[in-house]
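No value in this document is a laboratory result; all are computed from the given coordinates. Quick caveat: nothing in here was measured; it's all calculated off a predicted structure. In this analysis, Cβ positions are derived from the backbone assuming ideal geometry, glycine residues included, and neighbour counts consider all displayed protein chains.
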Amino acid sequence: MEPETIREIAPGLSREEVEAAFAYPDFLGFLKSYAWVCRRMTKPGHYAIATRRLLERLHEQNVRYAEITLSAGVVLFKKEEFPPIYEAVQREAVRSPVKVRWIVDAVRQFPLDDARLVLDLAAERVGDGVVAFGIGGDEARGPASLFKDLYAEARDRGLRLTAHAGESAGAESVWQALAIGAERIGHGVRSIDDPALVEHLAKHRIPLEVCLTSNVCTGVVRSIEEHPVRALYDGGVPIILNTDDPALFHTTLEREFEIASEVFGFTETELEGVVRNGFEFAFEAE
């Protein structure tokens, strides 16, 4: 939800108000900004506009295929009806030249019953754009081990599995996500703290969805130069570059690849391999 998109759905907001809402000093501040943006989206048409503008940006960057996280847990928290919202975003996705599949996401620090509702919503839409079930949010307050049975059920109902882990919490959070069946790890950068985990990820070809700019903005790493992406890559871990929340982190997918080249010395051949990883580890074959 870029500032101009927010003003498109809420024209009463001034540019200064939106810019102030997008400014934050740390991870908690980011969460407040995220919540502020979410509160602006109150009807299916708003979600449709957000999807349309996002897909336009992706198409401009030559993206062919995108798996986009749809935070159904947040939608339910806001007491909104998920089916019409999903219909709105899926309608925009079908119209786009970018092939889109959805990862339906539960909030891990919310009650487990809430996550079960999200799982049901995801499973009902397998074959209609949804390919995976995941968890995001506060790793410390919602350890992945709580979701073991839900993940097993999700797999049985035809969903692929992912989880945010190893971002705000340590390597143990990644181990827990793997133990419940996560096939890909969102972020996972704290894996670098555990050589055995790095070896495991490399040996079993488990990819990390690395978001360079996001990790700096939220304070996961102190500076871009300290980011462990190069060490993880050199350790044999499959890396995929991503944007996380591109508007709130003031980045694009193109920019993430530029940073990998300019800051970490990734060669054109190496970056081509990173692009190929995105297709290899996609939940639906391109």
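The distance between label points at A23 and A231 comes to 3.4 nm (points 7 Å beyond Cα on the Cα→Cβ vector). With K and R counted +1 and D and E -1, the other residues having a Cβ less than 11 Å from that of T213 yield a net charge of -3.
This structure gives P(r) over Cα pairs in 10 Å bins from 0, in percent, computed directly, and of [x] 6, 23, 27, 22, 16, 6, 1; [y] 6, 27, 33, 24, 9, 1; [z] 6, 29, 39, 23, 3, 0 that value is listed as [z].
Backbone N atoms of segment 33-72 closer than 14 Å to the 7 Å Cα→Cβ label point of L117 belong to residues 72.
Full extension of the segment from R64 to K79, taken as 0.36 nm per residue of separation minus the current Cα-Cα distance, would add 2.1 nm.
Cα gyration tensor of segment 188-280, axes a ≥ b ≥ c as square roots of the eigenvalues: rounded (a/c below 1.5), prolate (a/b > b/c) or oblate?
oblate
Our estimate of slack between E280 and R155, defined as 0.36 nm per intervening residue step minus the Cα-Cα distance, is 43.0 nm.
Pop the C-beta distance of A10 and H204 into the FRET formula with R0 = 45 Å and round what comes out to the nearest 0.05. Once the sixth-power term is evaluated, E becomes 0.50.
A simple spin-label model places the labels of V94 and A179 4.3 nm from each other, with each point 7 Å out along Cα-to-Cβ.
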